[in-house]
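Asks: After the C-alpha cells below, expect a handful of questions from me.
All of the numbers you see were taken from the coordinates with simple rules; none came from a lab. From a predicted model like this one, the values you see are computed outputs, not experimental measurements. For neighbour counting, all protein chains shown are included, and Cβ atoms are generated from backbone atoms with ideal geometry for every residue, glycine included.
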Amino acid sequence: MSTTLFTSIFIAALVLSVMVRLWLAARQTRHVLAHRSTVPARFAERVALVAHQKAADYTIAKTSLGVLEMMAGMVLLIALTLMGGLQALHTLLRELLGNVLPGLWVQVALVMVVVFLSSLIDLPFSLYRQFKLEARFGFNTMTLRLFFADMAKGTVIGLVLGVPLLAAVLALMAAAGPLWWLYAWGVWVSFNLVVLVLYPTVIAPLFNKFEPLADDSLRERIDALLARCGFTAKGVFVMDGSKRSAHGNAYFTGFGAAKRIVFFDTLLARLTPTEIEAVLAHELGHFKKRHIFKRIAWSFALSLAGLALLGWLAQQTWFYTGLGVEPLLDGANGATALILFMFVLPLFTFPLAPLSSRASRKHEYEADAFAAQQANPDDLVQALVKLYQDNAATLTPDPIHSVFYDSHPPASLRISRLDAASASHSAARLVPQ
C-alpha cells in the first residue's frame, strides 16, 4: 500500500467517524428533547414528570459535553499525526535523552509524553463534568482536593503498573523476533489477571473505604440468596461512594473464593431490602451465566488479534509515513507503532460498536431473567425505576444512538420483559398444586 493511499483511507475514516458520531449525538438530543414533556405511559405511575425532565436535561448536557470531548480528541489526533506532532516529539526526545538513556527508555518516555498530553486535554472536561455538570444536577459530592488526590493516586498507580508493562512490550517488539506479538500477548494477559486479583484488596481501598455490611437482617437475606444460587463470596462490603457522587451502584469483584460483593452506600440508602436482594440477584445472574468469564475471554481474544495486526503493521513503512512519521532506520520504532495503532484503531472499529453493545444487552436480559427466578421481579422493576431516577438515566433514548453506545437495554424494553416475568410468576402462584 502506498503512503498516499493509506493517508487517504485514514482521513476518510476520521471524517466518517466524526460525522457519524455527530449525527448520533444530534439524534439523541432531538429524540430526548421531543419526549421531554411527557413521561412514557409505561412509567407514568412510577416516575414524576419533574424527574423525567431532569433525566432529559442531564442526558442532553452529557451528550453535548461528549461532542466537545470528541472534537478535542480529534484535534489532538490530527496534530500528532498528519501535522507531524508525533514525529517532532520523537525527534526532540531523542535529542534530549538519546545520550542519557538507553533507546528503550526513550521510547517509554515518548509514550508517557503522549499519554500526558492526552490527559492534559481531558482534564478541563473532567473538571467541568464533575464540578459543573454533575453539580448542576445534584450528583457531585466530591471536593476539588479529593479530585486531585484521586488523580495523583491514579497517576502513581499507572506509573507503577504501566511503565514496567510498557517497557516489557517494547523490549519484546525490539528483540523477540517476528512473533513478538504472541509473547507480548502472554505478558498482557498475565498483567490483567494480576490486576484483577490485586484490585479488590490493594488498589480499590486506596480510593474508597470498604466496610462489612452491618445490617444483620439484610445480611441474612443476602446469605439466603447466595445459598439458593450456590454462590460463595469472601464478604459483603459497603463502599463510601457518597463522598464522590450521589449515583448508586453495586458490583462483584475478585476471582474464585476471593469474590467480593460491594454495595455503594448511596444504593443501600435508597432501596428496600427486597429491592437490594433483586439487584444482587441480577448481578449473580452475570456470574451464573458466565458472562464475566466470557467478557474476559473475549477481551483476551481481541487483544491477541490486535497485537497480531500491530505486529504486521509495525513492519509496513506506509503505516508510519501515512500518519506523518518517518520510521527510524535502526528499527527502534516500537513506541511510534504502538502510539499510532492506538490512535487509528478506534476509527476503524467504531462501526463494530453495535455488535459489542448487542452482546452486552443480551447478557443484561439474561441476568434479569435469572433475577426474576431467584427474587421477586416486581422488586427488581421497582429497584431499576429508582436507579433510573437517581442516576437521571433517560427513559427515552434514541434507538439508533442506543444501539451504538448503550451496554444496557432501554428501560422500556427491559422493564417490559420483567413485567411479563412478573405476570407469569403471579399466574404460576394461582395454579392449584
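Asks: Lys and Arg at +1, Asp and Glu at -1: add these up for the other residues within a Cβ distance under 13 Å of residue 217 and post the number.
Replies: -3
Asks: If you take all C-alpha pairs in the chain, what percent of them are over 29 Å apart?
Replies: So the pairs more than 29 Å apart make up 56 percent of the total in the chain.
Asks: Enumerate the lysines that residue 259 could reach by cross-link, defined here as Cα to Cα under 25 Å, with residues fewer than 8 away along the same chain left out.
Replies: Qualifying lysines at Cα under 25 Å: 153, 209, 234, 243, 288, 289, 294, 362.
Asks: Same structure, new question: Per residue of region 42-55, what does 6.51 cos²θ - 1.76 cosθ + 1.60 with θ = phi - 60° give for ³J(HN,Hα)? Whole Hz please, x for Gly and Pro, Karplus curve as stated.
Replies: Per residue, the Karplus-derived 3J(HN,Hα) values read 4, 10, 4, 8, 10, 10, 6, 4, 5, 5, 5, 5, 4, 4 Hz.
Asks: Can I ask one more? Please compute the net charge surrounding residue 253, taking Lys and Arg as +1 and Asp and Glu as -1 over other residues with Cβ under 13 Å from its Cβ.
Replies: +2
Asks: Could I ask something else about it? Can you order the peptides 17-23, 415-421 by their average number of other Cβ atoms within 10 Å per residue, highest first?
Replies: The peptides rank, most packed first, as 415-421, 17-23.
Asks: Another question, if that's okay. Which of 348, 263, 237 moves most in a GNM of the chain, Cα contacts under 10 Å?
Replies: Taking springs between Cα atoms under 10 Å, the residue moving most is 348.
Asks: Shifting gears a bit: Show me 153-161, 180-188, 373-381 ranked by packing, highest mean number of other Cβ atoms within 10 Å first.
Replies: The most tightly packed comes first, giving 373-381, 180-188, 153-161.
Asks: So, one more: Report the local net charge at residue 264: Lys and Arg +1, Asp and Glu -1, summed over other residues whose C-beta lies under 11 Å from its C-beta.
Replies: 0
Asks: With a 10 Å cut-off between alpha carbons and a GNM built on the chain, which of 69, 134, 45 moves the most?
Replies: The residue with the greatest mean-square fluctuation here is 45.
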